[in-house]
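**Q** A single structure is presented below for examination.
The values are calculated or read from the model by the stated rules, or taken from the named source; none is laboratory data. On a predicted model such as this, the values are computed, not experimentally measured, just so you know. Every residue, glycine as well, gets a Cβ built from its backbone with ideal geometry; the counts of neighbours run over all protein chains shown.
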């Protein structure tokens, strides 16, 4: 089995970090993994996305034209990546910043008010963790406990940020489970 997901948003929204945590979680589980970042010409505020592939078999190419899943943090990302998805995929949509709906009826759309949840948890900067948790909850791509451990490892140099990021992952996960599979 091979699953491809694109995490996309504005620079500074943490899409690279979310994708990297997912990829590292897969790697820790002994899976074949690709993490391929792509930045727009600007840093903060420009476009940013990364492709993550997790597979049981060797991955033939890191380039994906039609990914199964998308995690989109802003409207330009919704408009760019959701139309490229294969049927039966999952689109995790940040409804805090995206007020339009996808017109596709052949995918599962999980609406997540990520910024709102992150702010309620203590910081708007953790909206990416809400989205990552929702993606894992909806798809089951990796075990949630493994994701939590990897996230704690990533944030260990900023120990004060661990509780809020864990809380955001858990809130997103619950939402993803309820709306996903």
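**Q** Checking the condition without any contact (Cβ under 8 Å) to a residue 60 or more places away in the chain and more than 23 Å from residue 174 (Cβ to Cβ), which residue from 6, 65 passes?
**A** The unique qualifying residue is 65.
**Q** For residue 114, work out the one condition from (1) touching a helix residue (DSSP H, G or I) at 6+ places or on another chain (Cβ under 9 Å); (2) at pLDDT below 95; (3) farther than 22 Å from residue 34 by Cβ it doesn't fulfil.
**A** Failed condition: (2).
Residue-wise test of (1) assigned to a helix (DSSP H, G or I); (2) buried (at least 20 other Cβ atoms within 10 Å of the Cβ); (3) at pLDDT 90 or above; (4) at negative phi.
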residue: 22; (1), (2), (3), (4): yes, yes, yes, yes
residue: 27; (1), (2), (3), (4): yes, no, yes, yes
residue: 30; (1), (2), (3), (4): no, no, yes, no
residue: 33; (1), (2), (3), (4): no, no, yes, yes
residue: 43; (1), (2), (3), (4): no, no, no, yes
residue: 50; (1), (2), (3), (4): no, yes, yes, yes
residue: 53; (1), (2), (3), (4): no, yes, yes, yes
residue: 59; (1), (2), (3), (4): no, no, yes, yes
residue: 66; (1), (2), (3), (4): no, no, yes, yes
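**Q** Can you tell me how many residues in region 68-89 are touching a residue at least 60 places away in the same chain (Cβ under 8 Å) and in a loop (DSSP other than H, G, I, E, B)?
**A** 3
**Q** Mind listing whichever residues of region 76-89 are surrounded by fewer than 19 Cβ atoms within 10 Å (Cβ to Cβ) and within 21 Å of residue 37 (Cβ to Cβ)?
**A** Result: 76, 79, 80, 84.
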